[in-house]
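Heads up: the structure comes next, in structure tokens.
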Number of protein chains: 2
Amino acid sequence: MSLIVTGTIGIDTVYTPSGEHREGVLGGSCAYFAAAASFYGPVRLVAAVGDDFPEAHRKTLARFERIDAAGLEVRQGSKTFRWGGKYLDNMDHRESLFTELNILAEAPPAVPDGFRDSTYVFLANMHPALQADLLGQMSSPKLVVADTMDLWIGTARDDLAALLKKVDGLVLNYDEAEQYTGRKNPVAAGRHILDEGPTFVVVKKGEHGAILVHRQGVAALPAYPAEDVVDPTGAGDTFAGGMMGHLAASDPSDPADFDTLRRAMAHGTIIASFTIETFSLDRLAGLTPDRIGERYDAFASMVSLA
Amino acid sequence: MSLIVTGTIGIDTVYTPSGEHREGVLGGSCAYFAAAASFYGPVRLVAAVGDDFPEAHRKTLARFERIDAAGLEVRQGSKTFRWGGKYLDNMDHRESLFTELNILAEAPPAVPDGFRDSTYVFLANMHPALQADLLGQMSSPKLVVADTMDLWIGTARDDLAALLKKVDGLVLNYDEAEQYTGRKNPVAAGRHILDEGPTFVVVKKGEHGAILVHRQGVAALPAYPAEDVVDPTGAGDTFAGGMMGHLAASDPSDPADFDTLRRAMAHGTIIASFTIETFSLDRLAGLTPDRIGERYDAFASMVSLA
């Protein structure tokens, strides 16, 4: 029941429609995922940053006590990944203002020896060949889930297809599911992806929730209906973090079971709903398990038809 | 526990992305609503058609045995409302090819004397002044819900605002909620509308489900995850028909109660999921209560987090 996440840690600049913005805040898929997962249990983090990585961001990560950052490589002479984006209109669309790959264009970090026995593996968004390489360093995975993005679907399709044969599940956005499969319906797109290897696909729809397409069936969950959305950055990564964190903590005999995953997705839904209430990891940093539990119960009641 | 629906019956021509299309099929908000509601109990229909209304369409309506069509006026010398539309891409957007108002530009039908004691009233999409007029003919409403559309928000805003003071609930699409309120978030938009009178607002999101914004709280439900969507026409009207049909049939002491409405919305969700499986009322005409019950149970399991 050891959970590991590999991916990116970055320095983000985010503009929102309200006029509010933040420059140089902590971001990256790994940071968001790990912070979310840490509410459920320990989480091992593998990522690389440059020597420009601010001490303040390290301290923010350290506030999440169950993150094991032994896999955070600080590479001298390199620069941290930086991303700037601007959210449009209703927060469901954004444009990238700049993307400085920096260290992401170099060799990936190694998985520390002490992390290789991790059983729950989340390969956050990176080049799929690197995801496969990182996965290859694990000795005893029980559940492997990968995220991806439009960039790799467009530029590394073969590597992504090869990765799909090695994972239990894939998590991706609605538009990306269509992009990869050419199918405009998320259920049809999900089934298409299942044909390439995975046992399940989670199609993320942002404010509209998520759909689980699984060999055992299909399920849909709404997002928690949030009234005040400040910054959606990290919603998808914390969704995955809550889902995988819950799975690793409960460690069921079959973590890829349909009903088990469906319930785990609800935990991801709730963590993500907190993430978007303000910038970066600020909301999660002040969050308590009680508050998460309250909202989870409210959500469960909201969708209960029993 | 008598349910009435006022609105339009039309003759539709529909083009879909698959290349399939249908010309001159039965359509209109009243037809869709009444067909859906009739699975739950009797439903009274008030609408006007011209003397060109095809006998075949009358027979299709008659297949729904619990529709009381005593309020269907066939006006000699008038022509039936006709609409043609084309669905784009992922079915969530459509463009109107033609709209021939015909009889909708004339005086509305009268509510038959025998229908004036209806307790559950659904004012399907029409000019809000006509909706108010029809409502004024009812002697003892217990629950009044109205639908509206972008056209009236743009051209009859004051009439719509006046109507909002007289209804318990409003049903409208996501984009329309934003259009009316200027709020891009559906929960915020819903609350804005509550300030103008209603006890609740249902924001319909098509394939993404619906959000209930109520004085007692907020709830979200996904749509039933359909893989084969042929023609989305009537999804919103049958959603409302299932919701109101269920409410009228169960006739709770407070039909505008939050939890009662939330559960009723699930019935609407299921009926709508059948509607879109083929054109016009074809799927509903062949539907059985058992089949509805099976899908409802599957949906309830799909979202259960207990």
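The values are calculated or read from the model by the stated rules, or taken from the named source; none is laboratory data. This structure is a prediction, so every number in the text was calculated from the model and none was measured. Counting neighbours? That spans all protein chains shown, and the Cβs are built from the backbone with ideal geometry, glycine included. Heavy atoms of the whole protein, side chains included, go into the accessibility calculation; ligands, DNA and RNA do not. Shrake-Rupley method; radii C 1.70, N 1.55, O 1.52, S 1.80 Å.
Listed values, structure above:
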| read-out | value |
| --- | --- |
| Identity of the residue in segment A:66-91, open to solvent by 60 Å² or more (accessible area, probe 1.4 Å) and part of a loop (DSSP other than H, G, I, E, B), that ends up nearest to the other protein chains (Cβ to nearest Cβ) | A:Asp89 |
| Filtered residues of segment A:288-306 (kept if facing chain B (nearest Cβ under 10 Å), buried (at least 17 other Cβ atoms within 10 Å of the Cβ) and in a helix (DSSP H, G or I)) | A:Tyr296, A:Phe299, A:Met302, A:Val303 |
| Hits in segment A:237-259 - residues which are touching a helix residue (DSSP H, G or I) at 6+ places or on another chain (Cβ under 7 Å) and among the polar types (S, T, N, Q) | A:Thr238 |
| So B:Ala272, is it within 16 Å of B:Tyr40 (Cβ to Cβ), among the small types (Gly, Ala, Ser) and in contact (Cβ under 8 Å) with a residue 24 or more places away in the chain | yes |
| Residues that are over 22 Å from B:Gly242 (Cα atoms) and in a helix (DSSP H, G or I), drawn from segment B:109-138 | B:Asp113, B:Gly114, B:Pro128, B:Ala129, B:Leu130, B:Ala132, B:Asp133, B:Gly136 |
| A:Asp159 vs. criteria open to solvent by 20 Å² or more (accessible area, probe 1.4 Å), touching a His at 6+ places or on another chain (Cβ under 8 Å), farther than 26 Å from A:His267 by Cβ and more than 12 Å from every other protein chain (Cβ to nearest Cβ) | yes |
| Number of the condition not met by B:Ala235 [criteria: (1) open to solvent by less than 10 Å² (accessible area, probe 1.4 Å); (2) more than 14 Å from chain A (Cβ to nearest Cβ); (3) among the aliphatic types (A, V, I, L, M)] | (1) |
| Check on B:Leu247, crowded, with 22+ Cβ neighbours inside 10 Å and either acidic (Asp, Glu) or within 13 Å of chain A (Cβ to nearest Cβ) (or both) | no |
| Options B:Ala240, B:Ala256, B:Ala285; residue that is within 21 Å of B:Leu3 (Cβ to Cβ), surrounded by fewer than 18 Cβ atoms within 10 Å (Cβ to Cβ) and away from chain A (no Cβ under 14 Å) | B:Ala285 |
| Residue pairs meeting the criteria (Cβ under 9 Å; at least 6 apart or on separate chains; first farther than 28 Å from A:Thr13 by Cα and open to solvent by 50 Å² or more (accessible area, probe 1.4 Å), in segment A:100-119; second assigned to a loop (DSSP other than H, G, I, E, B) and among the hydroxyl-bearing types (Ser, Thr, Tyr)) | A:Arg116/A:Ser139; A:Arg116/A:Ser140; A:Asp117/A:Ser2; A:Asp117/A:Ser139; A:Asp117/A:Ser140 |
| The one condition in (1) modelled with pLDDT of 95 or more; (2) in a helix (DSSP H, G or I); (3) within 26 Å of B:Thr275 (Cβ to Cβ) that B:Leu151 fails to fulfil | (1) |
| Residue match in segment B:270-281 (condition: within 19 Å of B:Gly169 (Cβ to Cβ), away from every other protein chain (no Cβ under 11 Å), out of contact with any Lys or Arg (no Cβ under 8 Å at 6 or more places or on another chain) and not in a helix (DSSP H, G or I)) | no |
| Selection from segment B:10-31 of residues that are surrounded by 24 or more Cβ atoms within 10 Å (Cβ to Cβ) and assigned to a strand (DSSP E or B) | B:Gly10, B:Ile11, B:Val14, B:Leu26, B:Gly27 |
| Residues that are among the acidic types (Asp, Glu) and over 16 Å from A:Ile9 (Cα atoms), drawn from segment A:120-151 | A:Asp133, A:Asp150 |
| Test: A:Tyr40 is touching a residue at least 60 places away in the same chain (Cβ under 8 Å), assigned to a helix (DSSP H, G or I) and either farther than 17 Å from A:Ala240 by Cβ or not aliphatic (A, V, I, L, M) (or both) | no |
| Selection from segment B:33-74 of residues that are in contact with a helix residue (DSSP H, G or I) (Cβ under 6 Å, 6 or more places away or on another chain) and within 21 Å of B:Ala105 (Cα to Cα) | B:Leu45, B:Ala47, B:Ala48, B:Gly50, B:Gly71 |
| Of all residues in segment A:92-108 being of a type in the set (Asp, Glu) and not in a strand (DSSP E or B), the one that is farthest from A:Glu227 (Cα to Cα) | A:Glu106 |
| Residue that is surrounded by the fewest Cβ atoms within 10 Å (Cβ to Cβ) [pool: residues in segment B:32-59 that are closer than 18 Å to B:Ala285 by Cβ and among the charged types (D, E, K, R)] | B:Glu55 |
| Residue within segment B:189-203 that is basic (Lys, Arg), within 15 Å of B:Leu172 (Cα to Cα), within 7 Å of chain A (Cβ to nearest Cβ) and open to solvent by 10 Å² or more (accessible area, probe 1.4 Å) present | no |
| Residue satisfying all of: in segment A:213-224; surrounded by fewer than 24 Cβ atoms within 10 Å (Cβ to Cβ) and under 27 Å from B:Asp175 (Cβ atoms); nearest to the other protein chains (Cβ to nearest Cβ) among these | A:Val218 |
| Qualifying position, being open to solvent by 10 Å² or more (accessible area, probe 1.4 Å), more than 19 Å from B:Pro222 (Cα to Cα) and either more than 13 Å from chain B (Cβ to nearest Cβ) or more than 19 Å from the chain's Cα centre (by Cα) (or both), among A:Glu227, A:Glu176 | A:Glu176 |
| Residues within segment B:120-154 that are of a type in the set (Gly, Ala, Ser) and surrounded by 14 or more Cβ atoms within 10 Å (Cβ to Cβ), tallied | 4 |
| Which listed residue is out of contact with any strand residue (DSSP E or B) (no Cβ under 7 Å at 6 or more places or on another chain) and among the hydrophobic types (A, V, I, L, M, F, W, C), from A:Ala256, A:Ala248, A:Ala300, A:Ala266 | A:Ala300 |
| Test result for A:Asp52, in contact (Cβ under 8 Å) with a residue 12 or more places away in the chain and under 28 Å from A:Asp175 (Cα atoms) | no |
